[in-house]
Structures are given as structure tokens and as C-alpha cells.
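Worksheet: one structure, shown below.
The values are calculated or read from the model by the stated rules, or taken from the named source; none is laboratory data. No experiment lies behind these values; they were computed from the predicted model shown. Cβ atoms come from the backbone with ideal geometry, glycine included; neighbour counts cover every protein chain shown. Heavy atoms of the whole protein, side chains included, go into the accessibility calculation; ligands, DNA and RNA do not. Shrake-Rupley method; radii C 1.70, N 1.55, O 1.52, S 1.80 Å.
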Amino acid sequence: MTRREDLDQSLKLFIVLSRAYRAVNDQVNKSIHSFGVNPTEFAVLELLYHKGDQPLQQIGEKILLASGSITYVIDKLEQKGLIVRKACEKDRRVTYASITEKGKQFIEKVFPEHEQTIHEIVSGLTVQEKDQLIELLKKLGYSAKK
């Protein structure tokens with residue numbers, strides 16, 4: 001393969017990967033919006049439900065959101081009664097986000113549908129293809145961080 005062909009193939013991969021991500025993400029986001037929250041709110045609720053209370057300062061990096069946007073999202077979720085802020089007993093500079101009972105009930109109600117939607121979106125792949133794609137995308141992600 002010539003250098004030009006290799007460069008062209010890399011560009012093609014990038015375009016195909018970008019389009020696939022957009023197609024999958026658009027379908028998932030459409031589903032999430034049907035629950036009455038936006039994808040960022042959903043990601044915060046899912047994180048708190050599955051991982052427990054989280055420092056506000058760390059939520060952004062865990063769900064890939066700019067730190068400046070976290071306060072806005074937390075405010076909205078708090079207004080909806082889905083989370084509460086809790087001061088850290090050991091360090092007054094740290095505030096935790098904690099999912100409320102209403103938030104837990106919300107996630108328990110909608111998460112199975114969310115999970116099913118994702119399953120249906122990727123159902124064009126066999127189990128073996130999913131495993132292979134997971135490994136290849138991990139490899140790509142690790143190499144891109146260099």
C-alpha cells in the first residue's frame with residue numbers, strides 16, 4: 001500500500017467512524033429526550049445511580065462534560081427533585097451530588113428501555129463482531145492518546 005493510499009484509508013476510517021457515531025448517538029439521544037431529560041442530565045443520573053454520590057468537581061470528567069456546564073445541569077436536576085447537593089463532612093470545599101429516591105425511581109423506570117434501545121441499535125452486529133469492535137475501538141482510543 002502506498003503512503004497516499006494509507007492516508008486516504010485513514011481519512012475514510014475517520015469519516016465512517018464519525019458517521020457511525022453520529023447515527024448511533026442521534027438515536028440514543030432521541031430515546032433519552034423521550035424520558036423528559038436531556039442526554040447530559042441522563043448521564044449524571046445514570047452515574048449517580050450506578051456509582052453512588054460523586055463530588056461535583058469529578059462528574060464532568062466522568063461523563064465527558066466541561067466543568068462549567070456541570071453547575072447548570074446539577075441545578076436543573078435539583079429543581080426536578082432528582083438529585084440533591086450534600087456538603088462533604090471532611091472537606092467543606094467539596095460538594096457531592098446525590099441521587100434522590102425520586103431520581104432512583106426515574107432511572108429504574110427508564111433504564112431498561114434505554115438499554116433495549118442501545119441493544120436494538122447495535123443489533124446489526126453479531127456478538128463476535130461486537131467483541132471485535134470493542135477491542136479495535138479501545139486500541140484506536142489508546143493510540144490516539146499518545
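Some observations on this one:
- Taking amide H as placed 1.01 Å from N in the peptide plane, Q54 has its amide H under 5 Å from the amide H of A97, each at least 5 places away in sequence or on another chain.
- Distance (nanometres) between label positions extended 7 Å along Cα→Cβ at S98 and H119: 3.3
- Couplings for the range 40-46, taken from phi via the Karplus curve 6.51 cos²θ - 1.76 cosθ + 1.60 with θ = phi - 60°, read 5, 4, 4, 4, 5, 4, 4 Hz in order; Gly and Pro are left as x.
- From most to least packed by mean Cβ count within 10 Å, the peptides 88-95, 115-122 give 115-122, 88-95.
- Portion, in percent, of the accessible area of the chain that falls on carbon or sulfur, probe 1.4 Å: 55
- Estimated vicinal HN-Hα couplings, Hz - the range 119-132 in sequence order (Karplus 6.51, -1.76, 1.60; Gly, Pro = x): 4, 5, 4, 9, 5, x, 10, 6, 4, 5, 5, 4, 4, 5
- Cα convex hull volume per residue for the chain (Å³): 153
- Probe 1.4 Å, protein heavy atoms only - accessible area per residue of the chain in square angstrom: 73
- Using θ = phi - 60° and Karplus 6.51 cos²θ - 1.76 cosθ + 1.60, couplings along the range 70-75 (whole Hz; Gly, Pro as x): 4, 4, 4, 5, 4, 4
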